[in-house]
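Below: the structure, in structure tokens.
We did not get these values from a lab; they are worked out from the coordinates using the rules stated. If you're wondering where the values come from, they're calculated on a predicted model, not measured in any experiment. Neighbour counts run over all protein chains shown; Cβ positions are idealised from the backbone, glycine included.
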Amino acid sequence: MTDHTIELSPEVALAAYRTMRTIREFEDRIHLNNAKGEIPGFIHLSAGQEASAVGICMHLSEQDHIASTHRGHGHSLAKGCDVVAMMDEIYAKRSGLCAGKGGSMHLADLSKGMIGANGIVGGGVPLAAGAALKSKVLSSDRVAVAFFGDGALNEGATMETMNLAKVLNLPIIFAMEDNGYGEATPSSWAIGGDAPARARGFGLATYSLDGHDFFQMYQTAGAVIADVRAGQGPAFLHINLSRYYGHFEGDAASYRPQGEVDRIRDEKDCLMIFRHKSVAAKLVTAEQLDQIDEEVIRQLDGAVEHARQAPLPTAEDLLTDVYVSY
Amino acid sequence: MSEKSFRQAINEALSMEMRRDPNVFLIGEDIAGGTGGDGEEDAWGGVMGVTKGLLGEFGAHRVIDTPISETAYIGAAIGAAATGMRPVAELMFCDFAGVCFDQIMNQAAKLRYMLGGQAKVPLVIRTQCGGGFNAAAQHSQTLHGLFTHIPGLKVVMPSNPYEAKGLLIEAIRDDDPVMYMEHKFMYDDKGEAPDESYTIPLGEACYSRDGEDITVCSLGRMVNLCNQAADELQAENINCTVIDLRCTSPLDEESICESIAETGHLVVVDEGYPRCGFAADIAALAAVQAQSALRAPVKLVTPPHTTIPFAPALEELYIPSVERIKQGIREALGV
């Protein structure tokens, strides 16, 4: 495999590490605090999948849009959503990113180009195409990324949108994060044929990526996004990666073979690989990364404490923002 | 002011708004018709010819034909609206909401509230409704009740060319997602409408006629049948108020209740399914807010709770007719 590490500046590498580390810490805190009963609702964590979100979103500006999935914390953080406002939202507080009305599955910040996580599998894919359509109608060079999981590859919405994007030549990247399981069912069982072949069937430029390796993600996504931005038509990334927690918090994940997650954490953890590669290439030092680790821990301490203390929404919030005007 | 068809009125509203606002664009199946082929490019202008000619003026980047993929293009219109555009999507028949309802119900309708007020979705979905063409069960429904049930959607149904133009311009300028329902039986209906641009507010009913004996509430094509029934009932010395509601969401509750207070009698006429439907909703409104003014039970004139039949002999029985409306009014008045 090509060693991509040396092509990065230290600044970019450190920024990437900080965001990945923030996502990991964010997810780990929610895992722990959800188990303590602090957090209402349904939670889907993306720990383990950080390199994909960060490797792609680092190539996007706030004017580029992404749509995400029920497993959307990592994408939101990678696209620049505020850590404190996100934590407040997940804790169902009035100061949350969505005023406490969306929760974990509906995190969004349109000012950052984040159209939203989504509670419907495949539901965000056409929305991302809409952002790409805007770019086409206005002849701008903005692009859109539709993040979706292996489960969504079997949704009609996703396949219809891949075809529409090709037919209309929309500037969109379909980023399929294949973590091996659609809920409890292996993607190897649920996807008839293979995923890249399906995308190629729609005429999309298709790439297979190891989502455990930030450097590969970053380099390939950068090249692909540049192509799409230049008007070369939609592209499809098949990203193999791993999630560490259950489909939802509370899922014992007994459908996974014993030891699978431990093995992945030991051998393929994206933060570990990043550290090994970047330090070995003398891109950054271990001390720099250690310092980021400490800063992120303090940041998340603060975010969790803020979320715990933040006020709840009130009865008057129940009726606001159903319509712009009515 | 000039005489226009319902079809022309809609076409004018679209072209005027597209000229006014570069963020307005059209997307749908065969709204040009012929894109990518070797024949005529603007072959159809929509299956009913409503968007005919717009491709020539505005070009293929603003009059966008799509594959037959309602989920993808309705969803893309929603995404474009949420990111700052003002699209008008054509859903050929409202029956086809069945293949893209997730995008309408779970995305368009909910984004604003679910994202804490940061999103707006200024989208219009134009869609045909209604029976009378013997188009059978999957091309004849009038699903305003289904859309009205979903908070976050606005639902509009014009009854004549004047309303068609003014309500559509208003719907395009509105910042919420609007289901704009065009009764397929009305495209050739003629009526006077201004040539210039004008708007009709959403949620304001119109007193289509005034009469002291009974209030008849309806919308869309049924308004015209109600007016015909009211004309004919004058010979029986029955004078009807006919309220054209224009919208089911927002709903002009005040006009309905005020009229009931004056007449003491209510008939609701609707082409939609009766169970949990529009007519039942208005009856409930009257029961809750105007019961003391009601001097007799409310009468509903709707189709039966069945699938829409194909055979002309059956469809005629299914759709509320002038005769059935007259009979409903007589029964409500006990005459």
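With a cut-off of 11 Å on the backbone N, the residues of segment A:216-231 near the modelled label site 7 Å out from A:Asp141 along Cα-Cβ are A:226-227, A:229-231.
Using the Cα gyration tensor of segment A:83-174, with a ≥ b ≥ c the square roots of its eigenvalues, what is the shape: rounded (a/c below 1.5), prolate (a/b larger than b/c) or oblate (neither)? Because a/c hits 1.5 or more and a/b fails to exceed b/c, segment A:83-174 counts as oblate. Among the listed pairs A:Lys134/B:Lys4; A:Lys112/B:Lys110; A:Lys136/B:Lys190; B:Lys4/B:Lys52; B:Lys52/B:Lys120; B:Lys190/B:Lys326, a Cα-Cα separation exceeding 27 Å is found for A:Lys134/B:Lys4; A:Lys136/B:Lys190; B:Lys52/B:Lys120.
Taking the Cα centre of segment B:2-193 as origin and assigning +1 to Lys and Arg Cβ atoms and -1 to Asp and Glu Cβ atoms, the resulting dipole is close to 620 debye. Among B:Val24, B:Val288, B:Val268, whose mean-square fluctuation peaks in a Gaussian network model of chain B (Cα, cutoff 10 Å)? The residue that fluctuates most here is B:Val288.
The mean sequence distance of close C-alpha pairs (under 8 Å, at least 6 residues apart), as a share of the length of segment A:5-319, puts its relative contact order at 24 percent. Projecting the Cα atoms of A:Val324, A:Gly156, B:Ile238 onto the dipole axis of the protein assembly as shown, where Lys and Arg carry +1 and Asp and Glu carry -1 at the beta carbon, places A:Gly156 farthest toward the positive end. For peptide A:119-126, the mean count of partner chain Cβ atoms within 10 Å of a residue's Cβ comes to 5. In the calculated pair-distance distribution of segment A:5-319, the portion above 32 angstrom amounts to 24 percent of the Cα-Cα pairs. Under 14 Å of direct C-alpha separation, and excluding same-chain neighbours fewer than eight residues apart, A:Lys101 reaches these aspartates and glutamates: A:Asp88, A:Glu89, A:Asp109, A:Glu316, A:Asp317, A:Asp321. Note on A:166-172: average number of Cβ atoms from other chains within 10 Å of each residue's Cβ is 3.
Here the residues A:Tyr255, B:Tyr113, B:Tyr187, ranked from fewest to most Cβ neighbours within 10 Å of their Cβ, fall in the order A:Tyr255, B:Tyr187, B:Tyr113.
Looking at segment B:2-193, the DSSP beta bridges with both ends there are about 15 percent antiparallel. When the protein assembly as shown is described by a simple charge dipole with +1 on each Lys and Arg Cβ and -1 on each Asp and Glu Cβ, the residue from A:Ala15, A:His75, A:His306 located farthest towards its positive end is A:Ala15. Please name which of B:His265, A:Gly102, A:Met58 has its Cα lying farthest along the dipole of the protein assembly as shown towards the positive end, using unit charges on Cβ (Lys, Arg +1; Asp, Glu -1) and the Cα centre as origin. Selected residue: A:Met58.
The Cα trace of chain B gives Rg and Dmax of 19.8, 66 Å, the first to one decimal, the second as a whole number.
Given the options A:Ala184, A:Ala146, A:Ala47, state which has the largest fluctuation in a GNM of chain A using a 10 Å cut-off (strictly under) for Cα springs. For chain A, modelled as a Gaussian network with Cα springs under 10 Å, the answer is A:Ala184. Based on Cα contacts under 8 Å between residues 6+ apart, segment A:159-298 shows a relative contact order of 29 percent. Of all DSSP beta bridges confined to chain A, the antiparallel ones make up roughly 10%.
By the count of neighbouring beta-carbon atoms within 10 Å, fewest first, A:Arg24, B:Arg126, A:Arg198 end up ordered A:Arg198, A:Arg24, B:Arg126. Note on chain A: with charges restricted to the Cβ of Lys and Arg (+1) and Asp and Glu (-1), its dipole about the Cα centre is near 680 debye. In a simple Cβ point-charge model (Lys, Arg +1; Asp, Glu -1; nothing else charged), chain B has a dipole of about 720 debye relative to its Cα centre. Within 10 Å of the Cβ of each residue in B:23-35, the mean number of Cβ atoms contributed by other protein chains is 1. Footprinting exposure proxy ranking of B:Leu54, A:Leu97, fewest other C-beta atoms within 10 angstrom first, gives B:Leu54, A:Leu97. Peptides A:215-222, B:324-331, A:289-296 ordered by packing proxy, namely the average of other Cβ atoms within 10 Å per residue, highest first: A:215-222, B:324-331, A:289-296. Looking at the square roots a ≥ b ≥ c of the eigenvalues of the Cα gyration tensor of segment B:2-193, which shape do they give, rounded for a/c under 1.5, prolate if a/b is larger than b/c, or oblate? Verdict is rounded for segment B:2-193.
Only beta bridges with both residues in chain B are counted; by DSSP, about 20 percent of them are antiparallel. Once a ≥ b ≥ c are taken as the square roots of the eigenvalues of the Cα gyration tensor of segment B:224-267, is the result rounded (a/c under 1.5), prolate (a/b larger than b/c) or oblate (a/b not larger than b/c)? Verdict is oblate for segment B:224-267. A straight Cα-to-Cα reach below 29 Å connects A:Lys282 with the lysines A:Lys79, A:Lys268, residues fewer than 8 places away in its own chain not being considered.
Taking a straight line from the alpha carbon of A:Lys277, these aspartates and glutamates sit under 19 Å away, with near neighbours fewer than eight places off in the same chain left out: A:Asp3, A:Glu7, A:Glu11, A:Glu50, A:Asp210, A:Asp213, A:Asp266, A:Glu267, A:Asp269, A:Glu287, A:Asp290, A:Asp293.
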